[in-house]
Structures are given as structure tokens and as C-alpha cells.
């Protein structure tokens, strides 16, 4: 009888430990929402000034590990204003609506290096703070450089140079303004 109780106790301990490991293995933030595994980021630029520029540039990370398999060059016209939307994918699913629904918990940041490109007018979250899934990009004279796009999850200060929080993705596109 003692031996049976010992086996049952050992079994229950093993089941509890396994369940704890399984539950801990799911990445969730403090509010219990599942973290995404970003596999594709698409930069969609449309000219705002009447020209016919309407292009999408797709970066792919096939397994969502943060190592981008393909990153195209953003070859865009000089002296042009663009309306820009960032499409974000978790596997085959576009999650823009989810990001919008959780806009207070997300922030897109843009860092331009070398190119004559200014990113402005980030669309707001539901509290009026920046979100940035939509923005305006303005090019000047021909140049080359990069634009780094990051999606911050639960930033601690959306108006700071370093907004904090976790980075859901970070991708740096080459930019050629021509």
C-alpha cells in the first residue's frame, strides 16, 4: 500500500512539473496575450502627390527567428511624399488588425541613416500617443542609405528616443532615393 502511494505521489509530481514547463514555454506578456512570431514585414508606399507610385517591399523571415532571409532595397523616387503602411505577418496571417486593436501596447519606430528621407506623421494609438503603422515619408535629392523599422511591444515611453519594451521585430531596409 505504501509503495502504491509512493508511485502515485511520484506520478503527480512528474505531471505537475511537466505541466509547469509546458505552461512556462508559451511566451505571453504580462496581460496574457500571445507574442507573435513575425515572419514577414511589407512596406507599402503610395505617392501622396498625384504621381502613380504604388509599391510593396517584402522582407521575409521564414521561421520567425529574427534572421531575415530576404530584404529588398526600397528604390523610391526623389522629391516625393509617400503614404506608408506597414503590413505585419505571423506565419500566413496578417496581424495589422490585432496590432491596431492593441495599439496602446505597440509602437513602430523608424531610424533613417544616410538617405534623404524623413519619416513623420505617425498615426496615433487610442490614447493619442504614436503608433506608427501608418506614416508619411518624404524624400529629397537622390541618395542612398537605410531605414530601420522596429515594432516595440509594451513600450514604457512612446515619446522617448528609446521607448523600451520588447522588440517584436527589427528589420533594416536598404534605401535608394533616385
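The values are calculated or read from the model by the stated rules, or taken from the named source; none is laboratory data. Because the structure is a prediction, the values reported are computed rather than measured. Ideal geometry is used to build each Cβ from the backbone, glycine not excepted, and the neighbour counts take in all protein chains shown.
Residue-wise test of (1) touching a strand residue (DSSP E or B) at 6+ places or on another chain (Cβ under 9 Å); (2) farther than 20 Å from residue 46 by Cβ; (3) touching a residue at least 40 places away in the same chain (Cβ under 8 Å); (4) in a strand (DSSP E or B).
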residue	(1), (2), (3), (4)
115	yes, no, yes, no
122	yes, no, no, no
135	yes, no, yes, yes
147	yes, no, yes, yes
152	yes, yes, yes, yes
* Asked: Given (1) within 18 Å of residue 41 (Cβ to Cβ); (2) surrounded by fewer than 17 Cβ atoms within 10 Å (Cβ to Cβ); (3) touching a residue at least 24 places away in the same chain (Cβ under 8 Å), where does residue 94 come up short, assuming only one miss?
  -> (3)
* Which of the residues belonging to the range 37-62 are under 20 Å from residue 171 (Cα atoms) and either free of Cβ contacts under 8 Å to residues at least 40 places away in the same chain or assigned to a loop (DSSP other than H, G, I, E, B) (or both)? -> 37, 55, 56, 58, 60, 61, 62
* To do: Can you tell me which residue among 109, 18 is at pLDDT below 90 and out of contact with any helix residue (DSSP H, G or I) (no Cβ under 6 Å at 6 or more places or on another chain)?
  => 18
* Structure fact -> Considering the range 125-145, residues that are under 20 Å from residue 164 (Cα atoms) and out of contact with any helix residue (DSSP H, G or I) (no Cβ under 8 Å at 6 or more places or on another chain), and then whichever is surrounded by the most Cβ atoms within 10 Å (Cβ to Cβ), we arrive at 132
* Residue satisfying condition, being closer than 23 Å to residue 46 by Cα and not in a strand (DSSP E or B), within set 160, 141 -> 141
* To do: Could you tell me which of the residues 109, 80 is surrounded by 14 or more Cβ atoms within 10 Å (Cβ to Cβ) and within 12 Å of the chain's Cα centre (by Cα)?
  => 109
* To do: Go through the range 63-94 residue by residue and tally those that are over 25 Å from residue 37 (Cβ atoms) and not in a loop (DSSP other than H, G, I, E, B).
  => 5
